[in-house]
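J.: Before anything else, here's the structure in question.
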Amino acid sequence: MYKEEAEKPAPSSCPGSSTDIRVDRDLPNTWNEARGEQGSSLPSEDVKKSRFSCWQEMPAVKESGALTALTRAEILLQESMFEVVTSEASYLRSLNVTIDHFMASGELSRLLTKQDKKILFSTITKIQQVSENFLIDLECRLDENPVISDICDITEHHAKHSFSSYIDYVRNQPYQEKIFLQFTITRLKILVENILKRTEQGCNREKMAAAALKEVSKIVGECNKEVGKMKQTEEMVHIGNTIEFTKMKAIPVISQFRWLVKRGELLELSMQEKFFRLKKLSPVYLFLFNDLLLVTVQKGADRFVVQDYAHRSLTEVQEVKLNSIGSLQENSFVLVLIQNRRNECSKRLVKASNPTEKARWMEALTQKKSSENDNEESEYEKVYEDWDCPQVQCLEAYAAQQADELSLEPANLINVTHKTTDGWYKGMRLSDGKMGWFPNNCVKEIMNEHVRRRNLLERYRVLRAAEELLQMKN
């Protein structure tokens, strides 16, 4: 751990500053070296014991009279910009602990091979330097005046010239995705979005915030893209190793252009060729990829024997009238393989475990086509128009279990497009436009129309500012 506060000198403010409003007292003495400074004096006891989490708590801010001179909106903007500084300082502390106490650990090094250690820590020292340089510039701006002029120009500069290091860092460590989402470049995008929302429209600061958001979003997009590729490859390799072609010619399952859309077990209802007369229920396990459907039977804990397959474009689903097969066979539908492995058309009557599973399978298996019936409601599902859909806020984190589900974090806002009677919603996450299913017990519906409209307007403003900036640069 770092030495106690009384044992080390605190970093001094930038040259020419008259006020010390440093947000972090845990940073190592290399800060002084990085700034070319020759030591610093110890801070007063009240400052030394504090790690200010709010801009309003800073002694320099209170003494400046800014709290009475600024409007509430201007104070909120200051807090948003200050949060970027405190967030980066917290992130750097995490990096320092990881490097100083884990990466540099002799005991841990003896337990890991050189290759394992390289994979585990990747380019973290480069990330540490990027974070240090970013925080130095942020703190210098903070020292210039208790009322922060802007930080988005600094953010844009670092996003252009150094944040690309995060791409390699994330690409090499896909299994640490959860940590990256909490502590890396992704959280900076959210913070800059908050600044843009609270910045006065039409001013230069709004343009700079939009520019910073655009550059940071590029890096976040590349990070997510690389993580997705690695997860996709690992998933396809795992699935390929569990698939068996025992009574037919094998086809290659693993491909860099193939990914899993949905997988799961259904019950097949055996029937006579001309009439839906039930004989027995047999479990089948489907693997639906972006370009291929495999119909398998599970053998053992993790082995699947292929019974049939078809190109995804040559599959179709059909509703079944309950009175034709009996009321006990609800949640059933017909799966049609228009051209299967024998170059024949085959039909299977399958049954899902509940109405939501039936809806999700039918949606996944259906090639999207525009029609007048797209928004028709069934007895188990309510469908909303985009302009009139409910909005919910996540209260409890949810990790997606299937490829068609949506992972959620507390405070995420989602526009709901579908509701099922057994407690599942489908919707679009406002922060990134991603669609997916999620259980309704982890969210709460926003009933206040004013709040709902405000959320939509804020998202529109963020998207509009980024689009206008892009058009100007093109």
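The values are calculated or read from the model by the stated rules, or taken from the named source; none is laboratory data. Keep in mind that what you see is a predicted model, and the values were worked out from it rather than measured. Positions of Cβ are generated from backbone atoms using ideal geometry, with glycine treated the same way; all protein chains shown enter the neighbour counts. Please note that ligands, DNA and RNA were not included when accessible areas were found on the heavy atoms of the full protein model with its side chains. Shrake-Rupley method; radii C 1.70, N 1.55, O 1.52, S 1.80 Å.
J.: Kindly list, by first and then second residue, each pair from a residue in region 419-443 that is within 29 Å of SER217 (Cα to Cα) to a residue that is open to solvent by 50 Å² or more (accessible area, probe 1.4 Å) and of a type in the set (Asp, Glu), limited to pairs with Cβ atoms under 7 Å and residues at least 6 apart or on different chains.
T.: Sorted first by the residue in region 419-443, then by its partner, the pairs are CYS442/GLU396.
J.: Output yes when any residue across region 446-461 is open to solvent by 70 Å² or more (accessible area, probe 1.4 Å), β-branched (Val, Ile, Thr) and at pLDDT 80 or above, and no when none is.
T.: No.
Yes or no, residue by residue, for (1) within 15 Å of VAL84 (Cβ to Cβ); (2) modelled with pLDDT under 85; (3) open to solvent by 30 Å² or more (accessible area, probe 1.4 Å); (4) of a type in the set (D, E, K, R):
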| site | (1), (2), (3), (4) |
| --- | --- |
| LEU181 | no, yes, yes, no |
| CYS223 | no, yes, no, no |
| GLY240 | no, no, no, no |
| PHE257 | no, yes, yes, no |
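J.: What do you reckon, is SER131 under 23 Å from LEU191 (Cβ atoms) and of a type outside the set (D, E, K, R)?
T.: Criteria met by SER131.
J.: Among residues belonging to region 302-317 that are among the hydroxyl-bearing types (Ser, Thr, Tyr) and assigned to a strand (DSSP E or B), point out the one that is modelled with the highest pLDDT.
T.: Within region 302-317, the subset among the hydroxyl-bearing types (Ser, Thr, Tyr) is 309, 313, 315.
Keeping just the survivors that are assigned to a strand (DSSP E or B) gives 309, 315.
Numbers: TYR309: 94, THR315: 91.
Taking the candidates together, the pick is TYR309.
J.: I'm trying to understand the selection: among the residues of region 149-165, which are in a loop (DSSP other than H, G, I, E, B) and over 21 Å from GLN78 (Cβ atoms)?
T.: Listed by number, the residues that qualify are SER162, PHE163, SER164.
J.: Related question: Does GLU107 satisfy being out of contact with any strand residue (DSSP E or B) (no Cβ under 9 Å at 6 or more places or on another chain), farther than 28 Å from MET230 by Cα and surrounded by fewer than 14 Cβ atoms within 10 Å (Cβ to Cβ)?
T.: It is true that GLU107 is out of contact with any strand residue (DSSP E or B) (no Cβ under 9 Å at 6 or more places or on another chain), farther than 28 Å from MET230 by Cα and surrounded by fewer than 14 Cβ atoms within 10 Å (Cβ to Cβ).
J.: Would you check if ILE124 is within 25 Å of ASP137 (Cβ to Cβ) and more than 27 Å from the chain's Cα centre (by Cα)?
T.: The answer is no for ILE124.
J.: Right, something else. For region 68-79, state whether one or more residues are over 37 Å from the mean Cα position of the chain (by Cα), at pLDDT 90 or above and not basic (Lys, Arg).
T.: Yes, region 68-79 has at least one match.
J.: Sort out which residues of region 424-440 are open to solvent by 40 Å² or more (accessible area, probe 1.4 Å) and in contact with a strand residue (DSSP E or B) (Cβ under 9 Å, 6 or more places away or on another chain), and write them in order of number.
T.: Correct list: TRP424, MET428, SER431, LYS434, MET435, ASN440.
J.: Within the group PHE134, PHE102, which residue is over 30 Å from LYS214 (Cβ atoms) and among the aromatic types (Phe, Trp, Tyr)?
T.: So the residue among PHE134, PHE102 that is over 30 Å from LYS214 (Cβ atoms) and among the aromatic types (Phe, Trp, Tyr) is PHE102.
J.: Checking MET58 against (1) open to solvent by 70 Å² or more (accessible area, probe 1.4 Å); (2) more than 31 Å from the chain's Cα centre (by Cα); (3) not β-branched (Val, Ile, Thr), only one condition comes out false. Which one?
T.: All conditions are met except number (1).
J.: Does LEU138 satisfy the condition of being in a helix (DSSP H, G or I), open to solvent by less than 30 Å² (accessible area, probe 1.4 Å) and either modelled with pLDDT of 85 or more or within 26 Å of GLU226 (Cβ to Cβ) (or both)? Walk me through it before giving the result.
T.: Numbers: in a helix (DSSP H, G or I): yes; open to solvent by less than 30 Å² (accessible area, probe 1.4 Å): yes; either modelled with pLDDT of 85 or more or within 26 Å of GLU226 (Cβ to Cβ) (or both): yes.
Against the criterion (in a helix (DSSP H, G or I), open to solvent by less than 30 Å² (accessible area, probe 1.4 Å) and either modelled with pLDDT of 85 or more or within 26 Å of GLU226 (Cβ to Cβ) (or both)), LEU138 qualifies.
J.: Could you list, in sequence order, the residues of region 402-422 that are more than 15 Å from the chain's Cα centre (by Cα), open to solvent by less than 40 Å² (accessible area, probe 1.4 Å) and of a type in the set (Val, Ile, Thr)?
T.: Answer for region 402-422, where residues must be more than 15 Å from the chain's Cα centre (by Cα), open to solvent by less than 40 Å² (accessible area, probe 1.4 Å) and of a type in the set (Val, Ile, Thr): VAL416, THR417, THR420.
J.: Would you confirm whether any residue within region 351-366 is open to solvent by 40 Å² or more (accessible area, probe 1.4 Å), over 23 Å from LYS426 (Cα atoms), at pLDDT 90 or above and not polar (S, T, N, Q)?
T.: no
J.: Let me ask another. Against the condition modelled with pLDDT of 80 or more, surrounded by fewer than 21 Cβ atoms within 10 Å (Cβ to Cβ) and not hydrophobic (A, V, I, L, M, F, W, C), how does LYS207 come out, does it pass?
T.: yes
J.: Limited to region 164-179, what total is found for residues that are out of contact with any Ser or Thr (no Cβ under 9 Å at 6 or more places or on another chain) and modelled with pLDDT of 90 or more?
T.: Matching residues across region 164-179 total 1.
J.: Where the second residue is among the charged types (D, E, K, R) and surrounded by 13 or more Cβ atoms within 10 Å (Cβ to Cβ) and the first is over 22 Å from TYR309 (Cα atoms) and lies in region 326-355, which pairs have Cβ atoms under 6 Å and are six or more apart or on separate chains?
T.: Matching pairs, first to second residue: ASN331/LYS351; ASN331/LYS358; ASN354/ASP422; PRO355/ASP422.
J.: What residue, among those in region 319-347 that are under 20 Å from LEU286 (Cβ atoms) and charged (D, E, K, R), is modelled with the lowest pLDDT?
T.: GLU330
J.: Check ILE124, ILE99, ILE151, ILE75 and return the single one that is open to solvent by less than 60 Å² (accessible area, probe 1.4 Å) and without any contact (Cβ under 8 Å) to a residue 24 or more places away in the chain.
T.: ILE75
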